[in-house]
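Student: Below is a structure I'd like to ask you about.
The values are calculated or read from the model by the stated rules, or taken from the named source; none is laboratory data. Note that the structure is predicted; figures quoted are calculated from it, not measured. Methodologically, a virtual Cβ is constructed for each residue, glycine included, from the backbone with ideal geometry; neighbour enumeration extends over all protein chains shown. Accessible surface is based on the protein model in full, side chains and every heavy atom, while ligands, DNA and RNA are left aside. Shrake-Rupley method; radii C 1.70, N 1.55, O 1.52, S 1.80 Å.
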Amino acid sequence: MDDYKKIFQQFADNEAKGSSELYAFLSIRVIEDLELLDIIDKIPASQPKPNLFFASIQYLLTKSDAPLRNYYPSLTENPLPFDECFEPFKEFVLTHKERLLDLFHTKLVQTNEVRRAAYLYPTFLDIQKNTNKPLTLIEIGTSAGLLLCLDAYNYEYKEDNQSFRVDNFDNSITIQSENKGGNLPNTINVDLIIEKRIGIDLNIVDLNNREEFEWMLALIWPEHQERRKQFVAASKIANAVEKEMYEGDLLELLPNIIQSNSPENQIVLFHTHVANQFPAQLKNDFKALLNKMSYTRSIYHVYNNMYDLNLHQEHLENGKVVSKKTFLKPDGHGRWFYWN
């Protein structure tokens, strides 16, 4: 139980604080309650426990008229004070224990953080400039594939206390983010050319399936109304963008996908907030596979949360990394990033 206490304390301090007062408060109260910790113990080790725990509760609340609803900004216009919610929270969890246990073993933490496109977009433009080739995007842990469609969104960047826009399409969503690092290069205004979009996941999310769509909404934190609106809007846009989605083991799927890519396109393999769920052996095998595949195909690997929280851009050729860039840890929800 001590490990769970540490996990929820870190979640409260490093993720929820300043972003979700409700989840920060509940995380601290949860670690003091043995009954709740016993339920949390049933969450699979492969899943981020706070995220799955809170999402499962919010998911059930959307189908309930329990008093706990009145504390969730996502479920009521005038929520009650969050610091008064623990008793109805615990009552709801204990009452719905069996249903929660079922969700723990049938649902996955597969967030579709559209705002992360804000820092991926200039990163991919940088790769396009370096290679002078159109891109083949391959996303690991793609979920519903919303980040594969990042060239279909508009952007508004704040840097040096000024804002500027990148408009790709009329009537598209606008993703806002702050660049706290060096100024973005002029390539931010160049068209991003994506020839092929490929997503890989153990469980591809079908946003046309109502249950799966509602689960994705439940993963969004209660106070994050703008995230919720962007997710809904991006879902409609992404459904109209052609992409290939593969469900299964990435180590088995990647060789054929990479080998079949035209050498006229630059492979960009990316993943955000996914590799933290990889066992150590999978990380080693994945890295070895990329090194092996780079003997026949030039590969750019863009990722975070694999070994640290920073964002990495690595270029692999002939079995090794030939160039790399490291960007300081971006916000988990894409609200800010550091360009380098």
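Student: I'm trying to understand the selection: among the residues of the stretch 1-12, which are touching a helix residue (DSSP H, G or I) at 6+ places or on another chain (Cβ under 8 Å) and either among the polar types (S, T, N, Q) or open to solvent by 20 Å² or more (accessible area, probe 1.4 Å) (or both)? It would help to see each step written out before you state the result.
Tutor: Step one: of the stretch 1-12, the residues touching a helix residue (DSSP H, G or I) at 6+ places or on another chain (Cβ under 8 Å) are 1, 4-5, 7-9, 11-12.
If the condition is that a residue be touching a helix residue (DSSP H, G or I) at 6+ places or on another chain (Cβ under 8 Å) and either among the polar types (S, T, N, Q) or open to solvent by 20 Å² or more (accessible area, probe 1.4 Å) (or both), then 1, 4, 5, 7, 9 are the ones that fit.
Student: Still on this structure, please answer the following. Can residue 314 be described as open to solvent by 30 Å² or more (accessible area, probe 1.4 Å), of a type outside the set (Lys, Arg) and in a loop (DSSP other than H, G, I, E, B)?
Tutor: No; evaluated as a whole, the condition is false for this residue.
Student: While we're on this one: With the structure loaded, tell me whether residue 179 is of a type outside the set (Gly, Ala, Ser) and over 28 Å from residue 290 (Cα atoms) or whether it fails that test. Before the answer, list the steps.
Tutor: On the way: of a type outside the set (Gly, Ala, Ser): yes; over 28 Å from residue 290 (Cα atoms): yes.
Answer is yes for this residue.
Student: Further, regarding this structure: If I ask for residues that are among the hydrophobic types (A, V, I, L, M, F, W, C) and either at pLDDT 95 or above or in a strand (DSSP E or B) (or both), which ones from the stretch 133-145 would you list?
Tutor: Within the stretch 133-145, the subset among the hydrophobic types (A, V, I, L, M, F, W, C) is 135, 137-138, 140, 144.
Scanning the stretch 133-145 gives 135, 137, 138, 140.
Student: Okay, moving on. Taking the criterion of being in contact (Cβ under 8 Å) with a residue 40 or more places away in the chain, outside any loop (DSSP other than H, G, I, E, B) and either open to solvent by 60 Å² or more (accessible area, probe 1.4 Å) or in contact with a Lys or Arg (Cβ under 6 Å, 6 or more places away or on another chain) (or both), would at least one residue in the stretch 278-299 satisfy it?
Tutor: Checking the stretch 278-299: not a single residue is in contact (Cβ under 8 Å) with a residue 40 or more places away in the chain, outside any loop (DSSP other than H, G, I, E, B) and either open to solvent by 60 Å² or more (accessible area, probe 1.4 Å) or in contact with a Lys or Arg (Cβ under 6 Å, 6 or more places away or on another chain) (or both).
Student: Another question, if that's okay. Could you count how many residues in the stretch 160-181 are over 25 Å from residue 201 (Cα atoms) and in contact with a Gly (Cβ under 8 Å, 6 or more places away or on another chain)?
Tutor: Residues meeting the conditions: 1.
Student: Farther than 21 Å from residue 276 by Cβ, of a type in the set (D, E, K, R) and in contact (Cβ under 8 Å) with a residue 24 or more places away in the chain, is that true of residue 102? Lay out the reasoning, then the answer.
Tutor: Values: farther than 21 Å from residue 276 by Cβ: yes; of a type in the set (D, E, K, R): yes; in contact (Cβ under 8 Å) with a residue 24 or more places away in the chain: no.
When the stated conditions are applied, residue 102 does not pass them.
Student: Hey, another quick one. Given (1) farther than 21 Å from residue 33 by Cα; (2) outside any loop (DSSP other than H, G, I, E, B), identify the lone condition not met by residue 83.
Tutor: Result: residue 83 passes all but (1).
Student: Scan the stretch 256-271 and report the pairs whose first residue is farther than 12 Å from residue 140 by Cβ and whose second residue is assigned to a strand (DSSP E or B) and open to solvent by 30 Å² or more (accessible area, probe 1.4 Å), with Cβ atoms within less than 9 Å and a gap of 6+ or a chain change.
Tutor: As it stands, the answer is 261/196; 262/195; 262/196; 264/195; 265/195; 265/196, since those pairs meet every condition given.
Student: Can you give me the number of residues within the stretch 191-227 that are open to solvent by 70 Å² or more (accessible area, probe 1.4 Å), at pLDDT 95 or above and assigned to a loop (DSSP other than H, G, I, E, B)?
Tutor: Residues in the stretch 191-227 being open to solvent by 70 Å² or more (accessible area, probe 1.4 Å), at pLDDT 95 or above and assigned to a loop (DSSP other than H, G, I, E, B): 2 in total.
Student: What is the one condition in (1) open to solvent by 10 Å² or more (accessible area, probe 1.4 Å); (2) within 30 Å of residue 189 (Cα to Cα) that residue 146 does not satisfy?
Tutor: Going through the list (1) open to solvent by 10 Å² or more (accessible area, probe 1.4 Å); (2) within 30 Å of residue 189 (Cα to Cα), residue 146 breaks only (1).
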